[in-house]
1. Skip the ligands, DNA and RNA, and give the accessible area per residue of region 21-190 with a 1.4 Å probe, whole Å².
2. Highest mean first, what order results for 176-188, 27-39 on Cβ atoms within 10 Å?
3. Working from the alpha-carbon coordinates of region 21-190, get Rg over Rh, Rh being the Kirkwood radius.
4. For region 206-274, place one equal point scatterer on every Cα, skip the solvent, and apply the Debye formula. What is log10 of I(q)/I(0) at q = 0.12, 0.19 Å⁻¹?
5. Quick one: grab Rg to one decimal and Dmax as a whole number for the chain, Cα atoms only, in Å.
6. Just the number please: accessible area per residue for region 206-274, 1.4 Å probe, all protein chains included, in Å².
7. Using heavy-atom solvent-accessible surface (probe 1.4 Å) with all chains present, what is the largest-first order of Leu140, Leu17?
8. Of the heavy-atom accessible surface of region 21-190 (probe 1.4 angstrom), what whole percent is carbon and sulfur?
Amino acid sequence: MSSGSPSGSDSKRQRVLPVPKAAANMRTFEPDSSIVSDIIPSPNHGERNKGRQADMILLHYTGMPDVEGALARLCTAGTEVSAHYVVLEDGRIVQCVPEAKRAWHAGVSSWAGEDDVNSCSIGIEIVNRGHDWGYPEFPLRQIAAVIALCRGIMLRRKVPAHRVLGHSDVAPARKKDPGEKFPWHSLANSGVGHWVTPAPVVRGETLMLGTISDAVLSMQQALAKYGYGVPLNGKYDAATMEVVTAFQRHFRPARLDGVADHSTLSTLQALLASLPQDGTAVASK
């Protein structure tokens, strides 16, 4: 399937996708998903290291003012960035890299003891301007497309629900996407991703920047057991605060302050308790 303008009644709603010049002359490929509407091949990919098979889905937002700029960045040689899929606001899905290949979307990152997240994941870019450009809500049509795409990948690649993650989860010091407005609960209601109802935010004792205690170490160990790359030193340092903020952004978005309050800690424990029986999010190699 090659890129081009859609036909039928949808043509009034959808605009023709811009194809970067470099991608226009690239050999196309068969889409991995039947719901892909366009193929715009990216040269930015390679082989998965050591034959690693993808068993994670990593969700991003594009974080750029428009889809034209995002596609140009993802599909132009030299930018050193790409993703397997791009989901537009109107629900169309573009595939840029075959799932068998290693796209370059995670950057410096880690999860569950692995620091080559690109080799173990499928990257999905969701068109949204992001925090630097006003951070609009995600349209329902777009979220429905993300859910359908993820469900197919999960079935094909046996991706467990708790390994559908956000970029901020695997790179908490660098990234905020897809962000606190992303409706993780809606995805989980459709079987995509791991979720529990967040514990309510109430007054009480907290762990915060500067605290040194066994309670901090216990929290760090719980975050690491879930998969986060966090120091295990009993010190509530800047790196720990970044991880707590990333956790809140995904699982307790009502308040993003990096303070481990009762709500944050209770939500973390509930997530751990509802993991598969092995009790850990660490991937099987």
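The values are calculated or read from the model by the stated rules, or taken from the named source; none is laboratory data. Worth saying up front: this structure is predicted, and the values here are computed from it rather than measured. Glycine gets a Cβ as well: all are built from the backbone with ideal geometry, and neighbour counts include every protein chain shown. Heads up: the accessible areas ignore ligands, DNA and RNA and are worked out on the full protein's heavy atoms, side chains in. Shrake-Rupley method; radii C 1.70, N 1.55, O 1.52, S 1.80 Å.
1. Numbers: 6890 Å² over 170 residues.
Per residue, region 21-190 has an accessible area of 41 Å².
2. Working: 176-188: 19.5, 27-39: 15.2.
Packing proxy ranking, top to bottom: 176-188, 27-39.
3. On the way: Rg = 14.5 Å, Rh = 15.8 Å.
The Rg/Rh ratio comes out at 0.92.
4. For region 206-274 at q = 0.12, 0.19 Å⁻¹, log10 I(q)/I(0) is -0.24, -0.62.
5. 19.1, 63
6. Numbers: 2780 Å² over 69 residues.
Counting only protein heavy atoms, the per-residue value for region 206-274 is 40 Å².
7. Details: Leu140 155, Leu17 15 Å².
The ranking, largest first, comes out as Leu140, Leu17.
8. Details: 3550 of 6890 Å².
Using a 1.4 Å probe with all protein chains present, region 21-190 comes out at 51 percent carbon and sulfur.
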